[in-house]
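Read through the structure below, which is laid out as structure tokens, and then see the notes.
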Amino acid sequence: MAFIAVDIGNTNTKIALVEGEIKGIIRFNNYLSPAPDDCISTLRKEFGDPGYEGGIIASVVSSRTAIFHDLISRLTGVQPIVLDHTTDTGLEIRLESPETLGADRIANAVAAYTITGGKTVVVDFGSATTTTGVNEKGEIFCGTIMPGVDMMFQVLSEKTDRLPLLSLNGSIKGIGRDTKSSIISGIAYGTAGAVERVLREIEREMGRFETVITGGASDMIRDLLRVRHRHVRDLTIMGLKIIFERNRYESVKT
């Protein structure tokens, strides 16, 4: 049986068809995404009607959670699982405020821990650049949050008079030789350097671990990182697959 996995980020939404494995992923920009009825039509066109047993949502945008909850319910006839800190994931959350941990970071941690089988830190280069640490006991116990690459570009342009709004596209060609390349190299190398420092601090607390990176900017930043790592583009969807399969009988028919 198939199910739908939805990763709602601050900038983009990914909708995946999972049928034993991840069969396909559709991506929408949150500011350009179609109306729910059009979205259902798109899903049926792309994925067909494989006979859904339910769905699962990881969302960091509350206003969109309800929209996709209704969409999946209509598409599958089953209320989806909405991932949060109370969901049975196989990992324990040992943070002071577990309810504030983003669903995407939970899913990432589950996938990374499954991949590595031990101590791991996930670095997600998304709207925010985050790290999430999982110890050898399978406990999410530490992490960091800093502005993401696109946010840095945006704020730098908005808070200055003459600096242009740029983006991180393509390879980084060394230190800048003009204003545009200086902004790009500064943000790219600065992000990589900040992450390396954070990973060193985490290593002081938990010893050696494996690093797994993901997120929209990871394709551009990965080659700048001077730490060994695994790169998994759709780590959040992978985590949602694992969590749904663990909780598949928790879905409720509508």
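The values are calculated or read from the model by the stated rules, or taken from the named source; none is laboratory data. It should be emphasised that the depicted structure is a prediction, and the values quoted were computed from it without experimental measurement. So basically every Cβ, Gly included, is an ideal-geometry build from the backbone, and we count neighbours across all protein chains shown.
Just the residues that are touching a strand residue (DSSP E or B) at 6+ places or on another chain (Cβ under 6 Å) and closer than 20 Å to Asp219 by Cβ, please, taken from the stretch 112-131. Within the stretch 112-131, Ala112, Val121, Val122, Val123, Asp124, Ala128, Thr129, Thr130, Thr131 qualify. List the helices (runs of 4 or more DSSP H) inside the stretch 150-254, counting only whole elements, that have at least 1 residues being under 23 Å from the mean Cα position of the chain (by Cα) and without any contact (Cβ under 8 Å) to a residue 12 or more places away in the chain. Those helices (runs of 4 or more DSSP H) span 179-206, 235-247. In the stretch 115-127, the condition of being touching a His at 6+ places or on another chain (Cβ under 8 Å) and under 13 Å from Leu91 (Cα atoms) is met by no residue. Only one entry in Ser41, Ser63, Ser33 is of a type in the set (S, T, N, Q), without any contact (Cβ under 8 Å) to a residue 40 or more places away in the chain and in contact with a strand residue (DSSP E or B) (Cβ under 7 Å, 6 or more places away or on another chain), namely Ser33.
Rundown of residues vs (1) buried (at least 21 other Cβ atoms within 10 Å of the Cβ); (2) among the polar types (S, T, N, Q), yes/no style:
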| residue | (1), (2) |
| --- | --- |
| Arg204 | no, no |
| Phe209 | no, no |
| Thr214 | yes, yes |
| Ile221 | yes, no |
| His229 | no, no |
| Asp234 | no, no |
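When we screen Glu96, Glu136 for residues that are within 30 Å of Arg222 (Cα to Cα), assigned to a loop (DSSP other than H, G, I, E, B) and in the same structural domain as Arg228 (by TED's automatic domain parsing), the only hit is Glu136.
The residue pairs whose first member lies in the stretch 105-117 and is under 16 Å from Arg246 (Cβ atoms), whose second member is modelled with pLDDT under 95, and whose beta carbons are closer than 8 Å, counting only pairs six or more residues apart or on different chains, do not exist in this structure.
Here is the figure for the stretch 52-93: residues that are of a type in the set (Gly, Ala, Ser), closer than 29 Å to Tyr31 by Cα and assigned to a loop (DSSP other than H, G, I, E, B) total 1.
Residues that are in a strand (DSSP E or B) and more than 30 Å from Val123 (Cα to Cα): does the stretch 41-51 have at least one? No, the stretch 41-51 contains no residue that is in a strand (DSSP E or B) and more than 30 Å from Val123 (Cα to Cα). In the stretch 70-86, what residues are buried (at least 21 other Cβ atoms within 10 Å of the Cβ) and farther than 17 Å from Leu43 by Cα? Answer for the stretch 70-86, where residues must be buried (at least 21 other Cβ atoms within 10 Å of the Cβ) and farther than 17 Å from Leu43 by Cα: Ile81, Leu83.
When the stretch 10-44 is filtered for residues that are under 17 Å from Ile57 (Cα atoms) and hydroxyl-bearing (Ser, Thr, Tyr), the ones remaining, listed by number, are Thr11, Thr13, Ser33. Condition check for Gln79 on (1) touching a Leu at 6+ places or on another chain (Cβ under 7 Å); (2) touching a residue at least 60 places away in the same chain (Cβ under 8 Å): one failure, at (1). No other residue among Leu156, Leu75, Leu83 is in contact with a helix residue (DSSP H, G or I) (Cβ under 6 Å, 6 or more places away or on another chain) and more than 19 Å from Gly239 (Cβ to Cβ) apart from Leu75.
The residue of the stretch 1-54 that is surrounded by the most Cβ atoms within 10 Å (Cβ to Cβ), among those that are hydroxyl-bearing (Ser, Thr, Tyr) and under 16 Å from the mean Cα position of the chain (by Cα), is Thr13. For the stretch 42-49, indicate whether the set of residues that are outside the structural domain of Val232 (by TED's automatic domain parsing) and touching a helix residue (DSSP H, G or I) at 6+ places or on another chain (Cβ under 6 Å) is non-empty. Taking every residue of the stretch 42-49 in turn, none turns out to be outside the structural domain of Val232 (by TED's automatic domain parsing) and touching a helix residue (DSSP H, G or I) at 6+ places or on another chain (Cβ under 6 Å).
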